[in-house]
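Q: Right, I'll just put the structure down here and ask away after.
The values are calculated or read from the model by the stated rules, or taken from the named source; none is laboratory data. Computed from a predicted model, the values in this text were never measured in an experiment. Counting neighbours? That spans all protein chains shown, and the Cβs are built from the backbone with ideal geometry, glycine included.
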Ligand code: FSX
Ligand code: SF4
Ligand code: F3S
């Protein structure tokens with residue numbers, strides 16, 4: 001009997017504990033995170049199936065100065081990790097690989113040699129640039145040396161998290177090590193998916209678009225417009241009160257009941273470009289403002305310095 005289109009893909013996901021229903025739920029969240037109408041869910045599901053039916057592109061995932069929160073966000077979001085891992089082949093990732101020590105260093109060298117010019121380099125964390133990069137070192141090499149050896153050989157560079165994109169946490173003043181984001185440290189073009197941590201849905205949609213050769217339009221800070229084209233404030237569920245019919249119709253009464261804008265508690269939503277209100281974290285569960293915490297502007301360049309004090313109105 002001829003297999004239904006996508007059957008192999010669903011079988012593989014089922015084996016990883018992701019049901020067809022879960023997958024479609026993800027596609028719904030993904031569609032919202034891309035700023036598309038809910039009628040596009042089927043199209044988004046098809047494009048992921050299409051990507052998954054092709055040979056998986058090799059990915060080298062580098063870690064520099066950061067907290068690994070971005071990897072955690074990616075691996076701990078139930079099933080998104082499994083979907084991503086079904087569309088790409090992670091050749092090197094320090095957090096999840098079994099190899100350690102010299103064996104790990106060798107696997108990085110081998111992957112870069114084997115897939116030179118073909119691999120996607122995902123970078124998490126920033127690199128120290130002062131004093132020959134001595135403020136950040138792993139396996140006897142500086143982050144700067146590793147970045148210079150690996151990043152320019154990639155077919156595309158995706159910076160996950162504000163650290164890799166713009167320096168982030170490690171680059172906060174006084175920044176004695178001269179930490180910088182990848183573009184500034186190496187002078188290469190990057191697709192930036194900031195957020196501290198980045199949203200795994202934004203990584204998944206960027207990978208799907210890239211593999212389907214769809215154009216990814218970026219803003220001046222290198223962020224894809226489909227995810228970072230609007231401020232957090234624009235679709236914030238706290239913007240209006242629950243008696244606003246139009247709002248209730250769009251977001252549902254549960255969201256609207258949240259009420260109470262956090263601006264006077266220092267919310268930086270009006271100055272922060274990110275799709276948190278539609279993408280949310282943890283499988284569409286919540287995001288800082290929904291949970292009652294003001295937005296601290298975590299997807300903006302230099303937010304550790306520019307957005308502080310976090311709890312004061314700007
Ligand atoms: Fe940075 Fe990501 Fe913040 Fe942490 O690694 S963006 S410190 S959540 O984890 O890079
Ligand atoms: Fe805007 Fe923040 Fe108020 Fe939401 S809570 S409406 S993002 S200022
Ligand atoms: Fe960050 Fe603000 Fe979203 S703090 S996670 S950009 S709500």
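Q: For segment 200-213, name all the residues that are assigned to a loop (DSSP other than H, G, I, E, B) and surrounded by 12 or more Cβ atoms within 10 Å (Cβ to Cβ).
A: Of everything in segment 200-213, just one residue is assigned to a loop (DSSP other than H, G, I, E, B) and surrounded by 12 or more Cβ atoms within 10 Å (Cβ to Cβ), namely 212.
Q: Something else about it: Select from segment 116-137 the residues that are away from ligand 1 (no atom under 14 Å from the Cβ), more than 13 Å from residue 175 (Cα to Cα) and surrounded by 14 or more Cβ atoms within 10 Å (Cβ to Cβ) and list them in ascending order.
A: 119, 120, 121, 137
Q: Additional query: Can you confirm whether residue 91 is in contact with a strand residue (DSSP E or B) (Cβ under 8 Å, 6 or more places away or on another chain) and within 30 Å of residue 27 (Cα to Cα)?
A: yes
Q: Against the conditions (1) outside any helix (DSSP H, G or I); (2) not assigned by TED's automatic domain parsing to the domain that holds residue 210, where does residue 90 fall short? Just the number, please.
A: Among (1) outside any helix (DSSP H, G or I); (2) not assigned by TED's automatic domain parsing to the domain that holds residue 210, the lone unmet condition for residue 90 is (2).
Q: Which pairs have Cβ atoms under 8 Å, sit 6 or more apart or on different chains, and link a residue in segment 150-162 that is more than 25 Å from residue 274 (Cβ to Cβ) and assigned by TED's automatic domain parsing to the domain that holds residue 71 to one that is more than 16 Å from ligand 3 (Cβ to nearest atom) and assigned to a helix (DSSP H, G or I)?
A: So the pair list comes out as 150/108; 150/112; 152/186; 153/112.
Q: Within the group 240, 248, which residue is surrounded by 14 or more Cβ atoms within 10 Å (Cβ to Cβ) and either part of a helix (DSSP H, G or I) or modelled with pLDDT of 90 or more (or both)?
A: So the residue among 240, 248 that is surrounded by 14 or more Cβ atoms within 10 Å (Cβ to Cβ) and either part of a helix (DSSP H, G or I) or modelled with pLDDT of 90 or more (or both) is 248.
Q: Then there is this: So which of 147, 172, 165 is assigned by TED's automatic domain parsing to the domain that holds residue 107, in contact with a strand residue (DSSP E or B) (Cβ under 6 Å, 6 or more places away or on another chain) and within 16 Å of ligand 3 (Cβ to nearest atom)?
A: 165
Q: Further, regarding this structure: Among the listed residues 125, 65, 42, 101, which satisfies the condition of being over 19 Å from the mean Cα position of the chain (by Cα) and at pLDDT 90 or above?
A: Matching residue, one of 125, 65, 42, 101: 42.
Q: Moving on to the next point. From the list 295, 276, pick out the single residue that is within 16 Å of ligand 3 (Cβ to nearest atom), within 26 Å of residue 124 (Cα to Cα), more than 14 Å from the chain's Cα centre (by Cα) and at pLDDT 90 or above.
A: 295
Q: Only one of these conditions is not met by residue 89: (1) on the phi > 0 side of the Ramachandran plot; (2) out of contact with any helix residue (DSSP H, G or I) (no Cβ under 9 Å at 6 or more places or on another chain); (3) at pLDDT below 90. Which number is it?
A: The number of the failed condition is (1).
Q: Here is a follow-up. Mind telling me which of the residues 196, 163 ends up being at pLDDT 95 or above, crowded, with 23+ Cβ neighbours inside 10 Å, away from ligand 2 (no atom under 16 Å from the Cβ) and within 18 Å of the chain's Cα centre (by Cα)?
A: Criteria check complete, one pass: 163.
Q: Residues 66, 72: which one is in the same structural domain as residue 208 (by TED's automatic domain parsing), in contact (Cβ under 8 Å) with a residue 40 or more places away in the chain and exposed (fewer than 15 other Cβ atoms within 10 Å of the Cβ)?
A: So the residue among 66, 72 that is in the same structural domain as residue 208 (by TED's automatic domain parsing), in contact (Cβ under 8 Å) with a residue 40 or more places away in the chain and exposed (fewer than 15 other Cβ atoms within 10 Å of the Cβ) is 72.
Q: What is the one condition in (1) at pLDDT below 95; (2) more than 15 Å from ligand 1 (Cβ to nearest atom) that residue 202 does not satisfy?
A: Only one criterion is unmet by residue 202, namely (2).
Q: Another question, if that's okay. Under 6 Å between Cβ atoms, which residue pairs at least 6 apart in sequence (or on different chains) link something in segment 216-245 that is under 14 Å from residue 279 (Cα atoms) and more than 13 Å from ligand 3 (Cβ to nearest atom) with a partner that is at pLDDT below 95 and assigned to a loop (DSSP other than H, G, I, E, B)?
A: Matching pairs, first to second residue: 226/34; 226/35.
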